[in-house]
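A.B. asks: One structure, as structure tokens, below. Some questions next.
What follows draws every value from the coordinates through simple rules; no lab data is involved. From a predicted model like this one, the values you see are computed outputs, not experimental measurements. Ideal geometry is used to build each Cβ from the backbone, glycine not excepted, and the neighbour counts take in all protein chains shown.
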Amino acid sequence: MRIDLHSHSTYSDGVLTPAELIERASHNRVTMLALTDHDEVGGLPEAAAAAREAGIGFVPGVEVSVTWADLTVHVVGLGIDPRNASLVHALTGIRTSRGLRAAQIAQKLGAAGIPDCLAGASRLAGDAAAIGRGHFARLLVEQGYAADTKAAFKKYLAPGKCGYVAHRWVSLRHAIGWIRGAGGHAVLAHPDRYRLAPPQMYKLLDEFKQNGGQALEIGGGLRANPQPLLRLAKNFGFSLSAGSDFHAAAKGAADLGDIPPIPHGARGLWQDREALRSAP
Ligand code: AMP
Ligand code: MN
Ligand code: MN
Ligand code: MN
């Protein structure tokens, strides 16, 4: 069994269509995949149909953008009903605010001497996707302002850089509430990437738990040393999820299905058949 419960398609900032994503997962021998686009569930029907065809277990998901203590954190919802009215309504609101942020980012980049970024990012995002920083990153690479998307983030789009806009996303409580209200499981995405000192990490996990959060995600970043996070999961009583956060095939980035080995005896969300419904 090879699972991957965190991935992106062209419906957010991934480069593969949902069908292409399933094809790649199949090629990589992934047996259970979740599509978790940022604040968007539009790609789920296409992915579910392709997964059925390919004989891959499919978990409908979403990755919700949250502001916690002035920090952006991501909550993945797994096994959601993508037709749930409250969830759909909430995600529409988040994408509207995403669109407003995109205009602000473009304005800041314009002031820094890089014109017409909104049109360029919209073109790369396409109809289905709300614009993310990933689209700006690709545009900056295309226009020769950065060698690759990582460099574009480092130079222009990361906190403190000239194209960064401090945006207010939704609260942890709301995000978890919408996910659980839609029958999903709430997973704290890539906890290692927030670079929190232990007391702050403890506070985040405590609030995540208090508000109904159920699992912590482990991914490629934890390959070298997953133990501290596994210990935290155990102490707080969280299950584990595991995902690559695949966006595009790129040097140094995890491919679909690339997740650290799961230790024996760990409580994985994917082991609970009831937890993850298999189709939207
Ligand atoms: P957004 O939700 O539009 O602010 O974009 C968040 C996304 O940007 C993440 O899901 C990643 O895909 C990408 N991202 C964030 N930071 C970096 C980074 N330092 N290097 C490359 N991609 C990044
Ligand atoms: Mn992304
Ligand atoms: Mn994320
Ligand atoms: Mn992601």
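A.B. asks: Starting from a Cα-only point model with no solvent, please compute log10 I(q)/I(0) by Debye for the chain at q = 0.08, 0.10, 0.13 1/Å.
C.D. replies: -0.31, -0.49, -0.85
A.B. asks: State, to one decimal in nm, how far the label point of K203 lies from the label point of V141, with both points 7 Å from Cα in the Cβ direction.
C.D. replies: Those two pseudo-labels are separated by 3.6 nm.
A.B. asks: If the only charges are +1 at each Lys and Arg Cβ and -1 at each Asp and Glu Cβ, what is the size of the charge dipole of the range 1-103 around the Cα centre, to the nearest 20 debye?
C.D. replies: 80
A.B. asks: How high is the FRET efficiency between A151 and E20 when r is their beta carbon distance and R₀ equals 25 Å, given to the nearest 0.05?
C.D. replies: Values: r = 26 Å, r/R0 = 1.03.
Efficiency at R0 = 25 Å is approximately 0.45.
A.B. asks: Continuing with the same structure: Please list 3J(HN,Hα) in residue order for the range 172-189, calculated via the Karplus relation 6.51 cos²θ - 1.76 cosθ + 1.60 where θ = phi - 60°; whole Hz, with x for glycine and proline.
C.D. replies: Rounded to whole hertz, the list is 4, 4, 5, 4, 5, x, 5, 5, 5, x, 8, x, x, 9, 9, 10, 6, 6.
A.B. asks: Something else about it: Once phi is turned into ³J(HN,Hα) by the Karplus curve 6.51 cos²θ - 1.76 cosθ + 1.60 with θ = phi - 60°, what whole-Hz value does each residue of the range 149-157 show in order, with x for glycine and proline?
C.D. replies: Those phi angles translate into 5, 4, 5, 5, 5, 4, 8, 10, 10 Hz.
A.B. asks: Using the Cα centre of the range 131-280 as the reference point, and only Cβ charges (+1 on K/R, -1 on D/E), how large is the resulting charge dipole? Debye, rounded to the nearest 20. Spell out each step's value before the answer.
C.D. replies: On the way: 20 positive and 11 negative charges, 76 e Å.
Around 360 debye, computed over the range 131-280.
A.B. asks: Given the DSSP H assignment, sum -39500 (n - 2.57) over each helix run of at least 4 residues in the chain and divide by its residue total; what's the result at 222 nm in deg cm²/dmol, nearest 500?
C.D. replies: -11500 deg cm²/dmol
A.B. asks: Further question on the same structure: Using per-residue counts of other Cβ atoms within 10 Å, averaged over each peptide, order 187-193, 164-170 from highest down.
C.D. replies: Packing order, densest peptide first, comes out as 187-193, 164-170.
A.B. asks: Something else: Put +1 on the Cβ of every Lys and Arg and -1 on every Asp and Glu Cβ in the chain; which of L230, P82, I22 then has its Cα farthest towards the positive end of the dipole?
C.D. replies: About the Cα centre, the residue reaching furthest to the positive side is L230.
A.B. asks: Beyond 23 Å, how much of the Cα-Cα pair distribution for the range 79-217 remains, as a whole percent?
C.D. replies: 47
A.B. asks: Can you list the residues, at least 5 places off or on another chain, whose amide H is less than 5 Å from the amide H of A253, using H built in the peptide plane?
C.D. replies: Under 5 Å from the amide H of A253 lies no amide H from a residue far enough along the sequence or on another chain.
A.B. asks: Among 202-210, 125-133, how do they line up by average Cβ neighbours within 10 Å per residue, starting with the highest?
C.D. replies: Final packing ranking: 125-133, 202-210.
A.B. asks: So for the pair Q210, A112, with labels modelled 7 Å out along Cα→Cβ, what separation do we get in nm?
C.D. replies: 3.6
A.B. asks: Can you give the charge dipole size of the chain about its Cα centre, rounded to the nearest 20 debye, using +1 on the beta carbon of Lys and Arg and -1 on the beta carbon of Asp and Glu? Don't skip to the answer; put the middle values down first.
C.D. replies: Numbers: 30 positive and 25 negative charges, 147 e Å.
Charge dipole, the chain, about its Cα centre: 700 debye, nearest 20.
A.B. asks: Starting at 0 and stepping by 5 Å, how many percent of the alpha carbon pairs of the range 112-184 end up in each bin?
C.D. replies: Taking every Cα pair in the range 112-184, the percentages come to 3, 15, 20, 19, 14, 10, 10, 6, 2, 0.
A.B. asks: Taking the DSSP beta bridges in the chain as the whole, what percent of them are antiparallel, to the nearest 5?
C.D. replies: DSSP beta bridges in the chain are roughly 45 percent antiparallel.
A.B. asks: May I ask for the Kirkwood hydrodynamic radius of the range 1-92, worked out over all distinct Cα pairs and given in angstroms to one decimal?
C.D. replies: In the range 1-92 this quantity evaluates to 13.3 Å.
A.B. asks: Rank-order 35-42, 265-272, 21-28 by packing density, defined as the average count of other C-beta atoms within 10 Å over each peptide's residues, highest first.
C.D. replies: The densest-packed peptide leads the list: 35-42, 21-28, 265-272.
A.B. asks: How big is the range 164-280 in terms of Cα radius of gyration and Dmax, in angstroms?
C.D. replies: Considering the range 164-280 through its Cα atoms, Rg and Dmax are 14.7, 42 Å.
A.B. asks: Right, next: Separation between the N28 and A253 pseudo-spin-labels, each 7 Å from Cα along Cα→Cβ, expressed in nm?
C.D. replies: It works out to 1.1 nm between the two label points.
A.B. asks: Still on this structure: In percent, how large is the relative contact order of the chain, given Cα pairs closer than 8 Å and 6 or more residues apart? If you can, show how the numbers build up before the last one.
C.D. replies: Numbers: 549 pairs, mean separation 64.4, N = 280.
Value for the chain: 23 percent.
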